[in-house]
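See structure below.
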Amino acid sequence: GDHFPNDATQWSDTDGDGYGDNASGTTPDSCVTISGNSTANSYYGCPDLDGDGWANVQDAFISDPTQRSDSDSDGYGDNASGNSPDACPLVFGNSTSDQFGCPDSDGDGISNQNDAFPNDPLRSGDADNDGYDDSLEDDCWGIWGNSTQDRVGCPDTDGDGYSNGDSNWTIVNGSDAFPSEISQWNDSDADGFGDNLTGFEGDDCISIPGNSTSGGIFGCVDTDADSWANTIDDFPND
């Protein structure tokens with residue numbers, strides 16, 4: 001009746017799984033009445049569903065042979081080379097996109113450490129660190145910018161809200177024609193004088209290109225180029 005004729009420390013095997021009932025014998029069965037195949041951590045003969053050697057009762061992932069422990073109990077395994085490894089094994093987390101198991105305050109799937117907007121589920125990326133989301137609002141997502149009027153997140157040297165419209169980006173209607181002058185941004189007739197009449201050298205003839213500068217009249221037609229606009233020059237051709 002000896003189930004282990006070559007092992008003097010074991011003789012009976014109640015559940016017939018190949019591990020002896022004698023607790024003080026060689027490789028004793030930790031689950032005497034339940035047949036099992038576990039071998040890890042000196043826990044022999046207990047059910048091991050995924051066959052990784054760890055008994056189900058000691059395995060946090062009974063159906064995944066690549067993972068078995070979960071130190072922070074967030075559902076992601078500690079084994080870095082296993083399936084869905086926990087990037088923050090000692091801190092409970094719910095991130096799933098950039099990495100698994102790290103804190104994700106806004107629940108957008110991206111971990112706080114890689115989320116430029118950790119408390120906003122609609123925004124996440126900000127490659128140029130200007131405070132505007134790359135995909136939702138930043139018109140110049142690769143270049144830091146502070147513009148807010150014509151375009152968002154593009155360079156605005158004078159801080160008037162209108163983007164510089166530099167050569168690296170497509171200039172759209174409203175881009176700053178005077179990137180270094182805060183009081184001007186549009187120049188409808190492209191004569192070098194801004195449309196804002198109350199700003200620096202405001203254009204008195206917004207829709208007609210001009211070169212006048214004297215008498216407080218800027219940007220109007222000055223035929224004889226003496227700096228006086230034809231409208232106030234008694235001798236416009238002299």
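Please verify whether E181 is among the acidic types (D, E), within 14 Å of G161 (Cβ to Cβ) and assigned to a loop (DSSP other than H, G, I, E, B), treating the condition exactly as stated.
Working: among the acidic types (D, E): yes; within 14 Å of G161 (Cβ to Cβ): yes; assigned to a loop (DSSP other than H, G, I, E, B): yes.
So E181 passes the test.
Any chance you could count how many residues in the range 122-140 are of a type outside the set (D, E, K, R) and crowded, with 19+ Cβ neighbours inside 10 Å?
Kept after step one, since they are of a type outside the set (D, E, K, R), are these residues of the range 122-140: 122, 124-125, 127, 129, 131-132, 135-136, 140.
Remaining after also requiring crowded, with 19+ Cβ neighbours inside 10 Å: 124, 132, 140.
Final tally of qualifying residues: 3.
All but one of (1) of a type outside the set (V, I, T); (2) in contact with a strand residue (DSSP E or B) (Cβ under 6 Å, 6 or more places away or on another chain); (3) more than 28 Å from D120 (Cα to Cα) hold for D13; which doesn't?
Going through (1) of a type outside the set (V, I, T); (2) in contact with a strand residue (DSSP E or B) (Cβ under 6 Å, 6 or more places away or on another chain); (3) more than 28 Å from D120 (Cα to Cα) one by one, D13 breaks only (2).
When the range 65-121 is examined, which residues are found to be crowded, with 16+ Cβ neighbours inside 10 Å, of a type in the set (D, E) and out of contact with any Gly (no Cβ under 9 Å at 6 or more places or on another chain)?
Scanning the range 65-121 gives D78, D106, D108.
Look through the range 27-64, keep the residues that are assigned to a loop (DSSP other than H, G, I, E, B), closer than 28 Å to Q99 by Cβ and touching a helix residue (DSSP H, G or I) at 6+ places or on another chain (Cβ under 7 Å), and return whichever of them is least open to solvent (accessible area, probe 1.4 Å).
G53
Go through the range 193-235 and give me each residue that's open to solvent by less than 50 Å² (accessible area, probe 1.4 Å), closer than 23 Å to Y162 by Cα and charged (D, E, K, R).
D195, D203
How many of the residues making up the range 176-192 are open to solvent by 60 Å² or more (accessible area, probe 1.4 Å) and on the phi > 0 side of the Ramachandran plot? Before you say what the answer is, go through the steps one by one.
First, pick out the residues of the range 176-192 that are open to solvent by 60 Å² or more (accessible area, probe 1.4 Å): 180, 182, 185, 188, 190.
This time we only want the ones that are on the phi > 0 side of the Ramachandran plot, so: 190.
The number of residues fulfilling the criteria is 1.
Kindly indicate whether any position in the range 150-165 is modelled with pLDDT of 90 or more, more than 22 Å from G199 (Cβ to Cβ) and surrounded by fewer than 22 Cβ atoms within 10 Å (Cβ to Cβ).
yes
The values are calculated or read from the model by the stated rules, or taken from the named source; none is laboratory data. Predicted, not measured: the structure shown is a model, and the values here were computed from it. Glycine also receives a Cβ, built like all others from the backbone with ideal geometry; neighbour counts cover every protein chain displayed. For the accessible areas, the whole protein counts, side chains as well, though only heavy atoms, and no ligand, DNA or RNA atoms are used. Shrake-Rupley method; radii C 1.70, N 1.55, O 1.52, S 1.80 Å.
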